[in-house]
1. Hey, among Arg86, Arg23, Arg6, which residue is within 20 Å of Leu122 (Cβ to Cβ) and out of contact with any strand residue (DSSP E or B) (no Cβ under 6 Å at 6 or more places or on another chain)?
2. Please name all residue pairs, on different chains or six or more residues apart, with Cβ atoms under 8 Å, provided the first residue is in the stretch 15-28 and is small (Gly, Ala, Ser) and the second residue is outside any helix (DSSP H, G or I).
3. Scan the stretch 38-59 and tell me whether some residue there is surrounded by fewer than 21 Cβ atoms within 10 Å (Cβ to Cβ), part of a loop (DSSP other than H, G, I, E, B) and touching a Cys at 6+ places or on another chain (Cβ under 9 Å).
4. Residue check, Asp73 against (1) in a helix (DSSP H, G or I); (2) at pLDDT below 95, all met but one. Which one?
5. Taking Leu31, is it farther than 17 Å from Arg123 by Cα and either under 14 Å from the mean Cα position of the chain (by Cα) or surrounded by fewer than 18 Cβ atoms within 10 Å (Cβ to Cβ) (or both)?
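The values are calculated or read from the model by the stated rules, or taken from the named source; none is laboratory data. All values reported here derive from a predicted model rather than from experimental measurement. Positions of Cβ are backbone-derived with ideal geometry, glycine not excepted, and every protein chain shown enters the neighbour counts.
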Amino acid sequence: MQARSRIQTCSEHQARQCLTRARSFLEVAKLTADENDPNLEYAAAAGSIAILAGIAAADAACCHSLGRRSRADNHHEAERLLAEIRPGGRAAASYLRKLVSLKDTAHYGFVTPTSAELKRSLR
């Protein structure tokens, strides 16, 4: 079964709301993360929150530049929209793809994200 595209129009005001949300998620992720903890006790939580920050930032960029954002369950739809932004959209889409690839481990996995994965998600 193929995923259905779900695109929503959005305004500059909504872009700012998404950006504010992205910044707050990132701030909480940084407060939660302890890359030097040998047990990485909070790595999954911090990584998950950082991923949410990246998704919200992608929504902000798409709303600001394109006037629309993805509402699909599959975050790869957001990557396709990001790639449309000029300049820098393709690079942003690549970063989002890498970030979303960590989502399964951080959110649902039985394996704790590594210190390197945690650092990558916070960048």
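1. Numbers: Arg86 fails: within 20 Å of Leu122 (Cβ to Cβ); Arg6 fails: within 20 Å of Leu122 (Cβ to Cβ).
Every option except Arg23 fails the conditions.
2. Listed pairs, sorted by first residue: none to list.
3. The answer is no; no qualifying residue exists.
4. That leaves (1) as the condition not met.
5. Values: farther than 17 Å from Arg123 by Cα: no; either under 14 Å from the mean Cα position of the chain (by Cα) or surrounded by fewer than 18 Cβ atoms within 10 Å (Cβ to Cβ) (or both): yes.
In short, no.
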